[in-house]
Amino acid sequence: MSLRQLFPAVTDHPDLAALYAYPDRQWLRANMVASADGAASLEGLTRALSSGTDRRLFALLRTLSDVILVGAATARDEKYRPARPRELWRDLRAGRPSTPPIAVVTRRLDFAPDSPLIAAAPAHARTIVITVARAPADRRAELARHADIIVAGDETVDLKAAVGALAARGHRRILAEGGPHLLAQLLEAGLLDELCLTFAPLMAGPGAPRVVNGPPGTGPAASPLPLALAHVLEDEGFLFCRYTRTDAA
């Protein structure tokens with residue numbers, strides 16, 4: 001790995017833990033990857049857009065977080081499992097549980113209770129299922145045997161209420177890992193404080209979704225979110241950009 005910092009200062013030995021440290025308040029960070037022409041995935045998966053350094057930073061961002069927020073479709077497509085200690089920067093978890101829990105946003109509760117994401121979660125980081133009041137009661141009761149349930153909204157998930165419920169549980173440093181529909185909803189709700197975006201040095205061509213993908217004419221299209229560039233790192237043509245909302249100071 002030959003990771004360099006290009007901005008705001010040039011250095012060959014960036015302090016990654018300091019660069020990505022959360023502020024001392026509730027903060028929602030999204031981490032996404034895109035091709036040079038804006039594709040958020042290739043054939044429905046992000047793996048082909050990633051690199052060893054990207055995966056290392058992915059692990060760092062998970063390590064620094066209190067909870068990992070993900071949409072149900074992304075969790076299924078990417079075959080999510082609970083975070084494992086060996087995947088994280090262990091020295092940065094001192095004084096906290098060894099792994100953060102995964103919080104899955106799902107309106108329909110279409111997860112099997114015996115799936116690894118639900119059944120294999122450790123007691124200190126039980127998977128959190130964020131759903132709605134109208135979700136099937138029997139499925140909710142079944143999942144509640146293995147996971148923690150947050151009901152936020154009646155027919156659609158109220159992400160402001162969900163984030164508030166996570167913060168009330170002590171999860172103030174939130175890492176959203178997508179997918180594009182969840183990021184669109186977070187933008188629309190005004191909840192996004194920071195975007196970490198990896199640009200892969202390849203062209204995907206037409207057809208792939210962007211990192212924000214939702215119904216036309218809603219959310220960010222109606223109200224763009226101004227961002228400030230906090231830093232840029234580079235390794236083997238991959239660019240690792242961190243943006244914060246301009247009113248976050």
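A few notes on this one:
- Most fluctuating residue given options D114, D66, D193, as computed from a GNM of the chain linking Cα atoms under 10 Å: D114
- Alpha-carbon spread of the stretch 95-167, three principal axes, descending order, Å: 37, 27, 13
- Shown for the chain: the carbon plus sulfur share of the solvent-accessible area, taken with all protein chains present and a 1.4 angstrom probe, equals 53%.
- Per residue accessible area of the stretch 45-148, 1.4 Å probe, in Å²: 46 Å²
The values are calculated or read from the model by the stated rules, or taken from the named source; none is laboratory data. These numbers were taken from a predicted model, which means no experiment stands behind them. Only protein heavy atoms, including side chains, enter the accessible area calculation; ligands, DNA and RNA are left aside. Shrake-Rupley method; radii C 1.70, N 1.55, O 1.52, S 1.80 Å.
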